[in-house]
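J.: Structure incoming, see below.
The values are calculated or read from the model by the stated rules, or taken from the named source; none is laboratory data. Since the model is a prediction, treat every value here as computed from it, not as a measurement. Cβ atoms come from the backbone with ideal geometry, glycine included; neighbour counts cover every protein chain shown.
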Amino acid sequence: MQQCFYQFKSKILAQYSILESNLVNLNSKQISKTLSNFVKFNEEKKQKLADQFIRSTEQFIKILNDCSDEFVNQVDQFEDSEDEVLNNSNPFSYELMKENKRKSIGCCSFAFNNDSSIIVAGLDNGTIQIFELINELMKEKQIIKNHTEAVYCLQFMPKTNQFVSGSADASLIIWSMNDQQEWFKSSKLLGHTGIMMCLIIDNSENMIFSGNSDRSIKIWDKQQNYQCIQTFDEITGEVQSLSLNSRQDMLISSVEYSDQIYVYEKYHNQWRFYKIISVKPWGYRLCFIDEIRFAFQPFASQFMEIYELKRDAKVFTQIKQVSVLPSSQCDALFPQQFIKQKSILITKNGQFVNLFRIMPNNTIQSQVPIKFCDVQIYGALDKNGEYLITWDATSQQIQLRKYKEEQISN
């Protein structure tokens, strides 16, 4: 719009020798009158030209106002977020809620709905357990099954009370709730040929991104009845994790046994390959923590790495290494998560679940990690970071923990 406006203005000024200084302080009606005095058209063409110019000017002003409003909102959100984090800098932990221990065999994945009143658990036999969380007590509500193999990934929609499951049977299923408050399969998405290892949903819940052991990433569009609209299949290994940045215009992916992180960008409402980041060693887990920074957990490493994008140079640079408890082995699944509201980052490494607070000044506060007796740990945080749910192979238990902040007196 801006480019068209300047082209139009330049042509008028050049053709009719109008001094730009004479137009600076004129409103739209005065501009129309000025143009009429210089341009010798018949009345119909004269009015049409003036109307087009006025519309272009008004549209351009509207765009400027919208951009200004958006910028102000972003600044306000940043300041609110910064204040919240500064007020939330006390040490924290996740305290086990013993009344919510449940024996369960073979859990692989978990997800909370938006208000944390529903928890879904994916099992290795293809079953999904659905729990209600009422007054901080878990109660099994329903068991559903449509997958034929293990349910390795689960995500609730950001806005509606639906969730998506991904399975080793290569399918994605969208689950909805009927009038009787029972969950049912509303859509089944087919196209992958391997094990579904990860899935994420954008904030508008228009796009589902899935990563698979068939070495591909697929994008499914809600506006087209969840048809697959794009596939990235140039990947050199099994896709283990996916993450979108806060602006929802950049996608990153980690790959098993590959010293590469794949980066994609949104361009004119399409996604395209952007860059490969070389890493060593490879890792299962990564996630964005804001618009330009992301965390990456190398396999069985004693460090977690933070990368930052230099947009002008289109280069991601490692800016920090953070110590984590090391382990000689690790396992897939249990996605890395960043909770903006509390600025909490959680990452599994071996038999440890490491907890961090990301501060506005780029410092990272390490918290006391949660230690398990096995590398087979699977879990998730709820949207607000209030609850952490896990299952581990040693205890064979679903365990629910609650956020606890240590109050430090001044």
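J.: Answer yes if at least one residue in the stretch 99-111 is touching a Lys or Arg at 6+ places or on another chain (Cβ under 7 Å) and part of a strand (DSSP E or B), and no otherwise.
T.: From the stretch 99-111, those touching a Lys or Arg at 6+ places or on another chain (Cβ under 7 Å) are none; that's our starting set.
No, the conditions are met nowhere in the stretch 99-111.
J.: Output the qualifying pairs, or none if there are none: Cβ atoms under 8 angstrom, residues six or more apart or on different chains, first residue in the stretch 152-181 and free of Cβ contacts under 8 Å to residues at least 60 places away in the same chain, second residue of a type in the set (Lys, Arg) and part of a strand (DSSP E or B).
T.: Listed pairs, sorted by first residue: 171/188; 172/188; 173/185; 173/188; 174/185; 174/188; 175/185.
J.: Among the strands (runs of 3 or more DSSP E) contained in the stretch 214-323, which hold 3 or more residues that are not aliphatic (A, V, I, L, M)?
T.: The qualifying strands (runs of 3 or more DSSP E) are 216-221, 227-232, 239-244, 260-267, 270-278, 285-288, 293-297, 303-310, 315-323.
J.: Please enumerate the residues belonging to the stretch 165-183 that are part of a strand (DSSP E or B) and either in contact with an Asp or Glu (Cβ under 6 Å, 6 or more places away or on another chain) or over 15 Å from residue 122 (Cα atoms) (or both). Please lay out each step first, then the result.
T.: Filtering the stretch 165-183 for residues part of a strand (DSSP E or B) gives 165-167, 172-177, 183.
Result: 167, 176, 177.
J.: I'm trying to understand the selection: among the residues of the stretch 106-128, which are over 17 Å from residue 187 (Cβ atoms) and either modelled with pLDDT under 95 or touching a Gly at 6+ places or on another chain (Cβ under 8 Å) (or both)?
T.: 106, 107, 108, 109, 110, 123, 124, 125 - these are the residues of the stretch 106-128 that are over 17 Å from residue 187 (Cβ atoms) and either modelled with pLDDT under 95 or touching a Gly at 6+ places or on another chain (Cβ under 8 Å) (or both).
J.: While we're looking at this one, here's another question. In the stretch 137-161, what residues are closer than 17 Å to residue 380 by Cβ and either exposed (fewer than 13 other Cβ atoms within 10 Å of the Cβ) or within 17 Å of the chain's Cα centre (by Cα) (or both)?
T.: Answer for the stretch 137-161, where residues must be closer than 17 Å to residue 380 by Cβ and either exposed (fewer than 13 other Cβ atoms within 10 Å of the Cβ) or within 17 Å of the chain's Cα centre (by Cα) (or both): 153, 154, 155, 156, 157, 158.
J.: Can residue 209 be described as within 25 Å of residue 122 (Cβ to Cβ), of a type in the set (Phe, Trp, Tyr) and exposed (fewer than 15 other Cβ atoms within 10 Å of the Cβ)? Before the answer, list the steps.
T.: On the way: within 25 Å of residue 122 (Cβ to Cβ): yes; of a type in the set (Phe, Trp, Tyr): yes; exposed (fewer than 15 other Cβ atoms within 10 Å of the Cβ): no.
So residue 209 fails the test.
J.: Considering only residues of the stretch 360-410 that are under 26 Å from the mean Cα position of the chain (by Cα) and among the hydroxyl-bearing types (Ser, Thr, Tyr), which is surrounded by the most Cβ atoms within 10 Å (Cβ to Cβ)?
T.: 378
J.: Next up: When you check residue 238 against the structure, is it of a type in the set (Asp, Glu) and crowded, with 17+ Cβ neighbours inside 10 Å, yes or no?
T.: Working: of a type in the set (Asp, Glu): yes; crowded, with 17+ Cβ neighbours inside 10 Å: yes.
Spelling it out, residue 238 is indeed of a type in the set (Asp, Glu) and crowded, with 17+ Cβ neighbours inside 10 Å.
J.: Just to verify a result, which residue in the stretch 212-232, among those that are surrounded by 17 or more Cβ atoms within 10 Å (Cβ to Cβ) and of a type in the set (D, E, K, R), is farthest from residue 109 (Cα to Cα)?
T.: Going through the qualifying residues, I end up with 222.
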